[in-house]
1. Which of (1) over 16 Å from residue 94 (Cα atoms); (2) of a type in the set (Val, Ile, Thr); (3) away from the ligand (no atom under 16 Å from the Cβ); (4) in contact with an Asp or Glu (Cβ under 9 Å, 6 or more places away or on another chain) is the odd one out, the single condition residue 145 does not satisfy?
2. Which helices (runs of 4 or more DSSP H) sit wholly inside segment 103-217 and have at least 1 residues that are over 23 Å from residue 79 (Cβ atoms) and acidic (Asp, Glu)?
Amino acid sequence: MSANDHEQQFADEARRLFAGACDFVAGAAKTEQIPPSSLPEIAFTGRSNVGKSSLINALTGRKALARVSNTPGRTQQINFFALGDVLMLVDLPGYGYAQVSKGKSMAWNAMAETYLKGRSTLRRVCVLIDGRHDVKDSDRAIFKTLDGAAVSYQVVLTKTDKVGPEALDALRESLSIELAKHPAAHPEILATSSLSGDGIAALRVALAGVAARNHMG
Ligand code: GDP
C-alpha cells in the first residue's frame, strides 16, 4: 500500500469515526458532576461566540448536538459526548465575554480549570480562535493556563468563510510565531469553517490521530 493509500485509509477511518454513534454522556455544572474518565478526551474551548458549538456539530455531522446560541457567555457547563468507544469530545465553557466587558483579568471558570489540571485521559484541547480576529488577551490567558497544566493544545481557526486567503495567511503566520513560545502548544494551526465545511475533514483526521496514538499507548 502506498503512503497515499494509507493517508486515504486513515481519512476514511476518521470520517467513519465521526459519522458513527455519538452520545451525550453528561453535562457537568459542578466539579462533582464531571464523569469519571474513561475514553481518551479531546476538549474544545474558545472565546464566547467563536463558533464552538457549530464546530462540534459540523465535526459530528449533527445539527444540534451542541447548542448553537446567539447569546454569548451562557453555557457554563462542561458537556461530554462519546464517539463510540473510541473518543470523548468535551465541550468546555467559552471565555472572555463577561470578564472583558468588565475590564477585569480573566478568571475563566474554576470548574474548567479543575477539569484541565486533573484529567489524565485528556489528550488535547482545541483552542478555537475566530479567523476574523486577532489573538486576544483572554486567549493568551488560556494558553498560559494550558502551559501551566502541561496539557497539549492546538489552535483551530473558525469562520474562515468570512476571511480572505491573505488575511488568513497573515493570521496563521503571526499565530505560529506566538505559539512557538508556548511549550504545550501544538505547532499545526487548522483552519475551519462550519458553514462551508472547509477544514472539517482535516480536523477529524487530526483528532482521530490523537485518539489512535493513545490506543497504541
Ligand atoms: P459558540 O458560542 O462558540 O458555541 O458559537 P456558536 O456555534 O453558537 O456560533 C456563534 C455564531 O457564529 C452563530 O451565529 C453561528 O451561526 C456563527 N457561526 C458559527 N460558525 C460559523 C462559520 O463557520 N461561519 C460563519 N460565517 N458563521 C459561523
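1. For residue 145, the exception is condition (1).
2. Result: 137-149, 165-179.
For (1) small (Gly, Ala, Ser); (2) surrounded by 14 or more Cβ atoms within 10 Å (Cβ to Cβ), each residue gets a yes or a no:
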residue	(1), (2)
5	no, no
8	no, no
12	no, no
17	no, yes
26	yes, yes
32	no, no
39	no, yes
44	no, yes
47	no, yes
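Readers should treat all values here as calculations from the given coordinates under stated rules, not as data from a laboratory. Nothing here was measured: the structure is a model prediction, and the numbers come from that model. A quick note on method: Cβ atoms are made from the backbone with ideal geometry, for glycine too, and the neighbour counts reach across all protein chains shown.
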